[in-house]
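The values are calculated or read from the model by the stated rules, or taken from the named source; none is laboratory data. If you're wondering where the values come from, they're calculated on a predicted model, not measured in any experiment. So basically every Cβ, Gly included, is an ideal-geometry build from the backbone, and we count neighbours across all protein chains shown.
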Amino acid sequence: FNELQGWSKPLQEYRNPELEQVANTLGNWTVKPAGTEGYRTAEVTLGGVDTRQLSSKTMAVLNRPNLYFIGEVVDVTGHLGGHNFQWAWASGVAAGNSA
């Protein structure tokens, strides 16, 4: 990336206008994945039960109070690093306490 932009010195050697240009360039940088490895290595999938149809306190379907959806069945996606596990556990606890 440095070669493309012509950046060749440590950041502390740049003046404020140059640093603003670096920040703008990085802030507008777009990354486009070339593809995926498919479901074989997938960590998270998108889609699922619409959260607008669920109670956020009990995870019960709003118009079917004894029907619950939790974890990856629900359309909630977090960053990798444990967020999705935490969502699965927390939504399970909420539904279990309510049931």
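Step by step: first the residues of the stretch 16-43, then only those that are exposed (fewer than 10 other Cβ atoms within 10 Å of the Cβ) and of a type in the set (S, T, Y), then the one that is farthest from N84 (Cα to Cα). Which residue is that?
That would be T30.
Being in the same structural domain as G82 (by TED's automatic domain parsing) and exposed (fewer than 10 other Cβ atoms within 10 Å of the Cβ) is the requirement here; does L46 meet it?
Yes; evaluated as a whole, the condition is true for this residue.
How many residues, within the stretch 77-99, are of a type outside the set (S, T, N, Q) and at pLDDT 90 or above?
Adding up the residues that qualify gives 10.
Would you point out which residue out of A34, A60 is small (G, A, S) and over 16 Å from A94 (Cβ atoms)? Walk me through how you get there before you give the answer.
Working: A60 fails: over 16 Å from A94 (Cβ atoms).
Answer to the check: A34.
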